[in-house]
1. Identify the residue in region A:587-608 that is in a helix (DSSP H, G or I) and more than 10 Å from chain B (Cβ to nearest Cβ) and, among all such residues, is surrounded by the most Cβ atoms within 10 Å (Cβ to Cβ).
2. Given the criteria within 18 Å of A:THR202 (Cβ to Cβ) and of a type in the set (Lys, Arg), does A:LYS44 qualify?
3. Looking at (1) touching a helix residue (DSSP H, G or I) at 6+ places or on another chain (Cβ under 6 Å); (2) away from chain B (no Cβ under 14 Å); (3) outside any loop (DSSP other than H, G, I, E, B), find the lone condition where A:VAL628 falls short.
4. Of A:LEU563, A:LEU586, which residue is assigned by TED's automatic domain parsing to the domain that holds A:ILE324 and either within 22 Å of the chain's Cα centre (by Cα) or farther than 28 Å from A:TYR509 by Cβ (or both)?
5. Of all the residues that make up region B:33-81, how many are part of a helix (DSSP H, G or I), free of Cβ contacts under 8 Å to residues at least 12 places away in the same chain and closer than 30 Å to A:SER651 by Cβ?
6. Please state which one of A:LYS478, A:LYS517 is open to solvent by 50 Å² or more (accessible area, probe 1.4 Å) and modelled with pLDDT of 95 or more.
7. Condition check: outside any helix (DSSP H, G or I) and assigned by TED's automatic domain parsing to the domain that holds A:ALA313. Does A:TYR439 satisfy that?
8. Checking the structure you have, find out if any residue of region A:566-574 is free of Cβ contacts under 8 Å to residues at least 40 places away in the same chain, farther than 20 Å from A:HIS539 by Cα, out of contact with any Lys or Arg (no Cβ under 8 Å at 6 or more places or on another chain) and not acidic (Asp, Glu).
There are 2 protein chains.
Amino acid sequence: MSLFLVTMTVKTTLNQDLKEEREKVPFVVEEFTNWFHGGEANVKDKRYLENLIVNNSELKLDLDMSYMSHKEKYEEAVRRATIALKLFKKLREEGFGGANFFEKILLPFSSVLKQGSPISLQFSMFIPGLMKLATPEQQAKWVPRALNLSIIGTYAQTEMGHGTFIRGLETTSTYDPETKEFIIHSPTITAYKWWPGGLGHTVNHAIVFAQLYSLGKHHGLHPFIVQLRDEETHKPREGITIGEIGNKVGFNTVNNGFLGFDKVRIPLSHMLMKNAEIRENGEFVKNQSSILNYGTMTHVRVGIVRDMASLIARAVTIAMRYSIVRRQSPIDPNQPEPKVIEHITQQMKIFPLMAKVFAVKYSADNLMRMYLKVTSEIERGDLERLPELHALSCCLKAVSSNEAVQAVETLRLACGGHGFLTSSGFHDLYTNCTAAQTYEGENTVMLLQTARYLIKVWGQALSGKKLPPTVAYLQNYKQGNDRNKWNPSINGILMALQTTTSEKVALAYKHLEARKKLYSAEEAANQTGVELLKVAELHCQSFLLQSTIEMVEKCTPKVSLQLANVLRDILELYAVDLALRFLGDLLQFNNITSNDVEHLQQRMELALKSLRNSALGIVDGFDFPDYVLSSTLGAYDGNVYERLLEAAKKSPLNHEDVNKSFHLYLKPFIKSNL
Amino acid sequence: MSLFLVTMTVKTTLNQDLKEEREKVPFVVEEFTNWFHGGEANVKDKRYLENLIVNNSELKLDLDMSYMSHKEKYEEAVRRATIALKLFKKLREEGFGGANFFEKILLPFSSVLKQGSPISLQFSMFIPGLMKLATPEQQAKWVPRALNLSIIGTYAQTEMGHGTFIRGLETTSTYDPETKEFIIHSPTITAYKWWPGGLGHTVNHAIVFAQLYSLGKHHGLHPFIVQLRDEETHKPREGITIGEIGNKVGFNTVNNGFLGFDKVRIPLSHMLMKNAEIRENGEFVKNQSSILNYGTMTHVRVGIVRDMASLIARAVTIAMRYSIVRRQSPIDPNQPEPKVIEHITQQMKIFPLMAKVFAVKYSADNLMRMYLKVTSEIERGDLERLPELHALSCCLKAVSSNEAVQAVETLRLACGGHGFLTSSGFHDLYTNCTAAQTYEGENTVMLLQTARYLIKVWGQALSGKKLPPTVAYLQNYKQGNDRNKWNPSINGILMALQTTTSEKVALAYKHLEARKKLYSAEEAANQTGVELLKVAELHCQSFLLQSTIEMVEKCTPKVSLQLANVLRDILELYAVDLALRFLGDLLQFNNITSNDVEHLQQRMELALKSLRNSALGIVDGFDFPDYVLSSTLGAYDGNVYERLLEAAKKSPLNHEDVNKSFHLYLKPFIKSNL
């Protein structure tokens, strides 16, 4: 009997172990869901949209793209993307989501294509780019065409030779006053645009950043809109070398592309002139400062931090449910094998990461509130808090993505061998997190930017200047040789972290100043790089803990006693885990004894215990539908093994008893050996 | 002009930056290579074989399998595997490698298929399994057929429901004395064999582990050889449900499979009876103890630890070369962009991992020496050191694979966005490392086994018993409240680590004993799990450092002064980095001041500086040929950007100007919107 003769469908009954665990949850899951998602109305919208997507048979969400070739994946992605866009259009026309339309559709839509959509840059970068960079007249020309997708575009900044350091970009745009055109050119292979999503085979336009030259003078980097392909035939235009950059660890349906220019001419009007312009005679005129860019970058980073919280939450959901269904390795040899979750080492892998979801999510919310406040201040001409906001957004982006990767990997490994299967869903979560470690500002560069700010304000504090709110603790910190007295309360842990950060900022400042006597300021900063990374990370960890404390303080009066208790347990676990993770740093500057450390470890063990019955309720309450998790191990019903076999059966290799390679290669080889 | 009209070949000239760096290397690279690979003769053999493979045009190593569908990858893998087997046979006939044949061919051959071969289990598990489990008569029947590949087999132990805890396996083998047959059966879906390599569509036989029943009695787990497919037609035999388990994070050409039995009958003679047998009448007879299995498992784990060293070394090679070719972000704004390697934060990412290669490799060698010694002792009936060997092999396997993953990921991220491309070569390294975190003993389980041993010998030490060599330090450690005086020498760092381990073992022992008064010994151990993981890891880190110290002590008298200096620099970097990484633990039990920590950081910065000119020489000296690295970023000639574009051009999407999805989906959608 061969496999393909066997038919089987996944049971619809609930796994018994999950059912029993759900009965033990000590709070009302729906109350938690409503609180977590910011109110019942949001949850209703969320579920409406999810149902719309799940029930759309045209999308064919059951089709497993992991078996396809690279090319087939792209073709299926374009197909699904156009269907999703139709839904998208319908929702907009219905008035779904109001002002929060994009925020509300983000996760439900992005889950349609786990490895990204070749058209999403139209909405995340191309249209916002036009709004930010084009004059009102230019916007009137291009934005409506982009909104109804009669042109499809991307944002072509990064080149093969330069990503982070954008001043180093090599593409040139030289104004020719005779023809009133720009000549866009790639002088070297490293000048090729490289990475823009959709660029390979999908878009027909791009916003292209190039070094502007006019009348023999260089005017820095400026944006141009360039048509890359014919709108009817989709053929690349004269002088355009274009294609996709090849297979990647993930995001293989984004169609990231490369683009080379061989003296491509575009009209004068195609320079996007909101910030600067070239007059017909070639004169360069600067229109306004680009300080607002910092604000936009912060907004993008808030989005990344929120994504990271969501990705960790999905991984925690999968690992938690699987650990309740899976039974393994008797603790007591006379008893049947327990649920894996009963092993304390398993709880230690999963529960602190569940707590981290809250810390990362509420830090993103905090950052968002700051962003809105600072943006309104900027509009009134007050730029004072901009550097603080920028510094905080940099380190949060870096730390949240670094920790999300660690989290997803830890949780995958907590699922043993089955986590290694694509059908477990972990790999797509991993690629989403790890890509965020590099894009929108490489993490090391991000942390160094935060550190630079901390060093700057430390200098200001030394000269008696008052510091902005999120770094005010640096000022409150008392210098001297007295070790900080250890207070094991949660606020005490926060204080100890802040003291440690302050001491380390002071040391880095001292070393930097000493090196400045021998080297340039830049080389001194370079040589102090390792210390600088550390202070930025510690600053960020303080902010994460502080946000979590605030979250609990704010919400506990508003929710039921049961839920408030659970949220306090989560805070306790998060704080104690953090103290233990950064013990090496804390011990250097705080008077913590071995007994105190033992006490922390005992608190950790207690915190695990107190969350034992709530844990499944929390992940259920995150309320990810099965199609979003897309995991054989993490579905709500817990029918893990049936789903694993069902997923395997989708492999085209399993659709025939004997693969042709046996007759083509294996059998002739065996015969030749006899 | 579209891409596919452009022809280009990668330059064969050396990148100028790499050339200049190579001229600065302060030692003779070939001396290092010969030392690192254990002698000139080994290097000669290695290069002979590598050339043979690179020059074999039938292998088609240039074909980029990452663009293929899952099914096509498998078919290409079978094709390449049969060609590799022909080479393999030729080499054996030539007498290549002598007794070290398998060791010598491992890396050159495994690099032919980055994601694993569907036939490799024939040599790594099936034939060794027969040698270990079959009687001499059975071996005479099966081994020659396996050696000439007239049968192809795998090792079917793990099931869908059980991996680590093998006593929980569910497949049954019930003896029927009437027909003198066993009936092999899968009573549940979780009893399906799941994971064996090659099982899906490649093998026709398997060693199957099943719970043996005879005359109504259960006799535990035993091995049987079962024919799964017809040798001529390759069709699955009656009662066999077989297929592959589906797409995975990596190893997609291994053809991992599943296997269900519906009362399959096999003759009595197909039980592999070296350790136990069933007589014709159904009587069960135990032949010999299986204590030797521990030895075999150690041997497999030595192999894994060596692999991890090699995988880290490959990732270091790629990141190092790329960091010399890549220029990014001016340190001094008035200077051109420096090589990325000039950034101290980049050195900090790469150099300590380069040092780790030596620590992991020489720990594996140490473990191998111990294994050979203990095995010869066992043959003389002396089993005393077996538990020590087992404990050490468990933690080394776990720690080396955990750290290899961290290393490969850090190095990939150090290459920015380009590291995310499959063509960078990092993803295959990553999947190799991360799979090793789970296979051959899940890492958490491994560490807990080591911890159990440490707790046991601690109890023995308390009762005055002398401890074996690798744990003797537990005995030398003085108990009491005196903090260990910090000695910053390398041996002092080792002592501090050992003191810390001892203190933590003592604490874990204390907590365990206290819990035993309330719970069963097993539940007490479970509740102490987090502490136990920590002591196992620390014990392992001590062994890694100790091995590295020994390596330098042994080799420095035998090599040139220049090379000896480099190796001492590597040891210094490794030791200081280790102390800083485990500072939290060290600070708890050693009298280390803030000044001492600052001093360690300064030593770290100095160690980076002292290795700056040697670094490229070291990775060149690892002597990986380009086909093994298989990386656009890490090739010897450093033509990174040309290779990136060349690799992109291999994408079938780039072989046509316009993909069909434009006409099928995109254009109709756009038109419908207008």
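The values are calculated or read from the model by the stated rules, or taken from the named source; none is laboratory data. What you see is a predicted model; the values in this text were computed from it and never measured. With ideal geometry, Cβ positions are generated from the backbone for all residues, glycine too; neighbour counts draw on all protein chains shown. Heavy atoms of the whole protein, side chains included, go into the accessibility calculation; ligands, DNA and RNA do not. Shrake-Rupley method; radii C 1.70, N 1.55, O 1.52, S 1.80 Å.
1. A:ALA607
2. Judged against the criteria, A:LYS44 is not a match.
3. A:VAL628 satisfies every listed condition except (1).
4. A:LEU563
5. Going through region B:33-81 one residue at a time, the tally reaches 4.
6. A:LYS517 is the lone residue from the list that is open to solvent by 50 Å² or more (accessible area, probe 1.4 Å) and modelled with pLDDT of 95 or more.
7. Against the criterion (outside any helix (DSSP H, G or I) and assigned by TED's automatic domain parsing to the domain that holds A:ALA313), A:TYR439 qualifies.
8. yes
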